[in-house]
Amino acid sequence: MSVTATGQPAVSARDRGWRNAGYAVAFWIFAAIGVPVMTGAWFLLPLASLEEATEQPKALAAGTTMAGTTLVMGVLPLVVAHIIGFVILCAIGGAGSVNRRVGVVWGAVAVFVASVIGLAVVWVLSGGELIYTFEYVP
């Protein structure tokens, strides 16, 4: 039996709920990478919304519109980032966890937490305005 630096017996990855340490490391690395990825995905929403609001007068003068910019450049990447994160983390969690359901739940929770952290950061940086609804006057 191995002992840690504090004199406590080392607990194997299996006893912590993982099939091996590799799955646990991969899961937590992807979960940690998910925080800046989700922050970036959330950041696209106010940027796209601002782009749509500020460029609309120019688009109208050119005989076109900016309608749909927020959806395509803001909402769509946000949804795709959530789906990809959910699939990756649930797959690693489900495959690596001794109890598959618990691993999938951990994956879903990790995506949720990363998304909430990203949302909070962007909410602060955007002044609490994720979708710009003001009438832009140049």
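The values are calculated or read from the model by the stated rules, or taken from the named source; none is laboratory data. Everything quoted here is computed from the prediction, not taken from an experiment. Cβ placement follows ideal geometry from the backbone for every residue including glycine, while neighbour counts extend to all protein chains displayed. For accessibility, only protein heavy atoms count, side chains too; no ligands or nucleic acids. Shrake-Rupley method; radii C 1.70, N 1.55, O 1.52, S 1.80 Å.
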Exercise for the section: Could you grab me the full set of residues in the stretch 90-138 that are among the hydrophobic types (A, V, I, L, M, F, W, C) and not in a helix (DSSP H, G or I)? Expected result: Val98, Leu130, Ile131, Phe134, Val137
Handout entry: For Val98: the one exception among (1) open to solvent by 30 Å² or more (accessible area, probe 1.4 Å); (2) out of contact with any Lys or Arg (no Cβ under 7 Å at 6 or more places or on another chain)
Key = (2)
Completion exercise
All-but-one check, Glu55 against (1) under 21 Å from Thr133 (Cβ atoms); (2) within 13 Å of the chain's Cα centre (by Cα), failing number (2)
Practice task
Mind counting the residues in the stretch 53-89 that are assigned to a helix (DSSP H, G or I) and either open to solvent by 70 Å² or more (accessible area, probe 1.4 Å) or free of Cβ contacts under 8 Å to residues at least 40 places away in the same chain (or both)?
Solution key: 20
Fill in the blank from the handout: Gly107: passes all of (1) in contact (Cβ under 8 Å) with a residue 40 or more places away in the chain; (2) in contact with a Ser or Thr (Cβ under 8 Å, 6 or more places away or on another chain) but (2)
